[in-house]
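Comments concern the structure below.
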Amino acid sequence: MSFGGRLQNLLEEWNMSQKKLAEELNMAPTTINGYIKENRQPDYNTLIQLAEYFQVSTDYLLGLTDSRQMIDQPLTMKERELMGIYRDLNSEKQDLLHEQAEFYRKSRIKEEGQPLKRKGPHE
């Protein structure tokens, strides 16, 4: 998925308008709209600012990974075990496991009404 698509998804998940994000980050709403429509690209500082705001990695925003997590701490034992299990599966089973994880993540988001562990600096 493209940068603009990921930014749009984050706005939707946070139930936030482009205008509100622009206000939060001291930007023009047309700038945010340009990113989403892919008429413009953020500079490095803006990319970092967006990643920190939504608490996702810059690699996620750029579409280099589907993992949103910023790596600021080592994986827990359970996370390492899960990664090992995932890597031991064939690609078909990996896809099934990913679909199931996405189902649980979306269910939790729906229950709580907001993304997990992604409270922005404005909260």
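The values are calculated or read from the model by the stated rules, or taken from the named source; none is laboratory data. For clarity, every value in this text was computed on a predicted model and none was experimentally measured. FYI the Cβ positions are ideal-geometry reconstructions off the backbone, even for glycines, and counts take in every protein chain you see. Areas reflect the complete protein model, heavy atoms only, side chains present, ligands, DNA and RNA absent. Shrake-Rupley method; radii C 1.70, N 1.55, O 1.52, S 1.80 Å.
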- request: Answer yes or no as to whether Q41 is of a type outside the set (A, V, I, L, M, F, W, C) and farther than 23 Å from T65 by Cβ.
  value: no
query: Can you tell me which of Q55, Q114, Q94 is at pLDDT below 80 and of a type outside the set (F, W, Y)?
result: Q114
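If you check E81 against the conditions, is it open to solvent by 90 Å² or more (accessible area, probe 1.4 Å), free of Cβ contacts under 8 Å to residues at least 60 places away in the same chain, more than 30 Å from N26 (Cα to Cα) and not aromatic (F, W, Y)?
Numbers: open to solvent by 90 Å² or more (accessible area, probe 1.4 Å): yes; free of Cβ contacts under 8 Å to residues at least 60 places away in the same chain: yes; more than 30 Å from N26 (Cα to Cα): yes; not aromatic (F, W, Y): yes.
Yes.
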Hits in the stretch 1-48 (condition: outside any loop (DSSP other than H, G, I, E, B), open to solvent by 70 Å² or more (accessible area, probe 1.4 Å) and under 30 Å from E111 (Cα atoms)): E12, K19, K20, E23, I48
- prompt: If a residue has to be open to solvent by 80 Å² or more (accessible area, probe 1.4 Å) and either assigned to a helix (DSSP H, G or I) or at pLDDT 90 or above (or both) to count, how many in the stretch 58-77 make the cut?
  reply: 2
